[in-house]
1. Given the structure, is A:Thr68 farther than 15 Å from B:Val758 by Cα and either facing chain B (nearest Cβ under 9 Å) or not aliphatic (A, V, I, L, M) (or both)?
2. Which count do you get for residues in region B:222-263 that are outside any helix (DSSP H, G or I) and closer than 29 Å to B:Glu357 by Cα?
3. Condition first: surrounded by 21 or more Cβ atoms within 10 Å (Cβ to Cβ), of a type in the set (Ser, Thr, Tyr) and facing another protein chain (nearest Cβ under 7 Å). Now tell me which residues in region B:729-764 satisfy that.
4. For region A:97-114, does any single residue satisfy the condition of being aliphatic (A, V, I, L, M), facing another protein chain (nearest Cβ under 10 Å), in a helix (DSSP H, G or I) and in contact (Cβ under 8 Å) with a residue 40 or more places away in the chain?
5. Could you tell me which numbered condition B:Lys304 fails, if it satisfies all but one of (1) in a helix (DSSP H, G or I); (2) within 30 Å of B:Met204 (Cα to Cα); (3) not aliphatic (A, V, I, L, M)?
6. Which one of the conditions (1) out of contact with any Pro (no Cβ under 7 Å at 6 or more places or on another chain); (2) within 20 Å of B:Leu268 (Cα to Cα); (3) buried (at least 24 other Cβ atoms within 10 Å of the Cβ) does B:Phe124 fail to meet, given that it meets all the rest?
7. Which members of region B:652-682 meet the condition of being out of contact with any Asp or Glu (no Cβ under 9 Å at 6 or more places or on another chain) and farther than 18 Å from A:Ile37 by Cβ?
8. Checking B:Thr227 against (1) within 19 Å of the chain's Cα centre (by Cα); (2) modelled with pLDDT under 90; (3) hydroxyl-bearing (Ser, Thr, Tyr), which test does it fail?
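The values are calculated or read from the model by the stated rules, or taken from the named source; none is laboratory data. The structure presented is a predicted model; accordingly, all values stated were derived computationally and were not measured. No Cβ is skipped: glycine too gets one built from the backbone with ideal geometry, and neighbour counts run over all protein chains shown.
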Amino acid sequence: MSTLIFRTVAPFLTALMLLFSVFVLLRGHNEPGGGFIGGLIAVSALAIYGIAFGVAAMRRAIVLHPLTIAGIGLVASTLAGLVSLAAGVPFMTGLWIEPSFAGVTVPLSTVTLFDIGVYLVVIGGIGSIAMTLEEEGDL
Amino acid sequence: MADALTGTGLTMLALLLPFVGALLAPLAVRAFGGAAAWVLALLPLGAFAILSRHLGAVSEGQALTAGFDWIPSLGVRFSILIDGLSLTFALLVTGIGALIVLYAGGYLKGHPHLGRFLSFLFLFMGAMLGLVLSDSFLMLFVYWELTSIASFLLIGFDHTRTAARRAALQALVVTGAGGLLLLAGLLVIQAITGVSELSALAAMGSVLRDSPLYLAALLLVLGGAFTKSAQFPFHVWLPNAMEAPTPVSAYLHSATMVKAGVYLLMRLNPVMGQTPEWQMLLPLFGGVTLLAGALMALAETDLKRMLAYTTMASLGLLVLLTGLGTPHAVEAAVLYLVAHSLFKGTLFMVAGIIDHEAGTRDVTRLGGLGRAMPITFVAGGLAALSMMGLPPAFGFLAKEKTYYALTGGGLFVTILLVVVIIGNALMGAVGLLVGVRPFIGAPVKTPKHAHEGPPLLWLGPLLLAVKGVAIAIAAAVTHQMMTTPMASAVAGEARPVTISLLPHLGLPLLLSLVTVALAIAMFLTATRLRAAITSPMDALGWGPDRGFDQMIAGVLRFASALTRRLQPGRLDAYMTAGFVLLAALLLLTPALNGEWPNAPVFPADIPWDELAIFAIALCGLIAVVLAPNRLTAIVSLGIQGFAVAVIFLLYGAPDLAFTQFMIETLSVVILALVMTRLDLSPSDHRPLRQLLPDAALAGLVGFGFTIVLLKVTSVPFDPALSTFFAQFSKTIAHGANIVNVIIVDFRGTDTLGEIAVVMATGLAVLALLRLRGGSERRLADNDPDAAEAVETAPLQGRGV
């Protein structure tokens, strides 16, 4: 699989797909997309990188252990739910603030944090499975 | 009948104090060593003092209750009941408990795990105290099982010895199983009467006794009581429990825990007693237990085992008397229970001191210790006196009452009388053997040079033994404060106890004299009697103790056979079973209900682009089936999946399509990776006889899903949910994408659970694949082709 063309294209493809996955994640609330789909796209991106350069390179590229990423995601999602509790409303109630940065209004919410958590868990969880399998496979 | 309790907070504190002791004991022992016992004994003493405050009200015949809601949604309360019965038990538990803590401090002085031991002991004390004071059924059950667990920990304290571990497990299995029976019994009682508290049960007696479920409730409750109180044939665990250090035997297995069953029977006597079943079953089991226990006690030579069997006999006597339920019998049971707790606790501690100081517990190797251990001798002698039922000990009152209860009845009662006389005589003989025999006669050389133990050791037994005489001399006070309220609680009506040490000429006194004469005769001929009892038992060779081992072995064999059958370790078998069930579910449901869907109508004008997509999906499927090797099949499955995703897209579900695309991609990648890991042969060579059933099964499942889908879509669409989400997703959740809003907001908690599952799956896969050492081989074991695959393609050595 590790042809020259593939290895040349793979980093760009991965970078583009990762960027796209973040885009899909963030636009998810109003357009098709969201944390789950975004996470899956990101995993596919990582898989391409892994197939081209090997799992060791992929592990170096993402710095953290995939399950650490998943763990961070799970904590983020849980925190998003707990923030509501601290604000005196039932667990997981969405809270929104809309601060403006230099004239641009950016809606921020616990729901977004939650979705980012989902995104990270999917990357970490599925990524870990793929990497562990790929580590010793010869695909 | 029940009055509100004053000083609830303080009484609840008394319930808590032993558990505080359980936490503090290891720390205290670390700080003060064996002397910590003096400090720790203050806790049960404190509880004793707090509970004593209720003596006044209880002696006036009041039953006090208090409590608070525990699990309001289930209607469960944390409630306590203090009346004559429970208060007497509570005072015995805390009073003797304080002395036992002292004794344990001396007995295990310098033991590296003294702190742990005392902690377990306090845990038990708290459980037992809670058990006798519980008003609510559930609380009673929880404390009941907690005593079993504490007993398990204490019997197995010396956990490096196999015998101790076996005894601990046996006690836990027998009493734990009994506890479950008790729970069932209590639930049945609750279902019959609709009340869940003992104090409220008092008024429901006739409802309970007239119910068709009465016998079921009775048998279940008896199952709990008989296992706990070591009635034949559930007694096996009690003699074996002598593996525990002696303080445990003196406390749990004579004075308190084994009495829990008797407590329960006494507690239920007013509501469940006085029926033919009750008056038949209890005296029957009690009588057999009394006789068997007393005989086996004489057959033993180990002081502790002798005492254990007499405890069993005494419990039999208590059950017998409770079962009779006549006024005299209830009084006798109450008197005997108090007397037994005092003298048996004493004798166990005396046996422990002898063991500790002389180095052996074998009665045939002991003698003439009286000069070296005068205080212990006094304690043992007084306790033996009480056990024989001689004045001025409290046991005398109990025996007089027992004979009052058993004279002048019909044939059944007269048979019981004979049994009780023989049992009492045997127990009296054993009392002499344990409490007096080691101290008199010619001195025998013992393994250790015997001398009197330290005060920590002899204080407990001496106080208990003296108390056993004092409460008999001050019988009027004892009756007023303790036995009358207790007997009244057991009888369910006022039952003044008046018996005193003054001799009452009559048949009971004569029977007492006969008993004592028999006891002395048996004591003098003990060696010959022992041989006479042991030889037939040896000849039989089988007993409930062996039976227990056989039962456990049988259960284990059955369990492993069943596991081998249900869990053969073949993935294909599991999958087949799963799919067969799925197919049955999908197809049998409409078949049994006669609800097949109507045949679908194919629309005439399907656009050519949609037709093309369907064609691609179909091609993908055909390719899967015809694929020459597994990898091709996996990729072809991907084609079919992508086609379905396009269909979703065409019909206006972009999120679904999007997800489907990603899932299909990753499925193909991961499945392909798994294939390379499994060392399967590249293609599928199942023979036709395996292929056809699998194909049929796959077809059935597919057909089933088609049926379900057709049926579901033929039902008129209920737009309530869609309308709700469409209406509110923007206003409540600030999102236009309904699917995403549902996932992260409306049903966010579900999603949180799901991502936790994703995380756990990632961890599990990592753990499974990281298993080293022959993991490849083990994975390959699941593959039907593995044998030939291994032959044709030897495993390649792979690095970590």
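1. Working: farther than 15 Å from B:Val758 by Cα: no; either facing chain B (nearest Cβ under 9 Å) or not aliphatic (A, V, I, L, M) (or both): yes.
Here the answer is no, as A:Thr68 does not meet what is asked.
2. From region B:222-263, those outside any helix (DSSP H, G or I) are B:229-233, B:244-245, B:256; that's our starting set.
Okay, now just the ones that are also closer than 29 Å to B:Glu357 by Cα, so B:244-245, B:256.
Adding up the residues that qualify gives 3.
3. B:Thr751
4. Taking region A:97-114 and keeping what is aliphatic (A, V, I, L, M), we get A:97, A:102, A:104, A:106, A:108, A:111, A:113.
Pick out the ones that are also facing another protein chain (nearest Cβ under 10 Å) and you get A:111, A:113.
This time we only want the ones that are in a helix (DSSP H, G or I), so: A:111, A:113.
Checking which are in contact (Cβ under 8 Å) with a residue 40 or more places away in the chain leaves us with A:111.
Yes, because at least one residue in region A:97-114 is aliphatic (A, V, I, L, M), facing another protein chain (nearest Cβ under 10 Å), in a helix (DSSP H, G or I) and in contact (Cβ under 8 Å) with a residue 40 or more places away in the chain.
5. The number of the failed condition is (2).
6. Checking B:Phe124 against (1) out of contact with any Pro (no Cβ under 7 Å at 6 or more places or on another chain); (2) within 20 Å of B:Leu268 (Cα to Cα); (3) buried (at least 24 other Cβ atoms within 10 Å of the Cβ), the one that fails is (2).
7. B:Leu671, B:Ala672, B:Val674, B:Met675, B:Pro682
8. (2)
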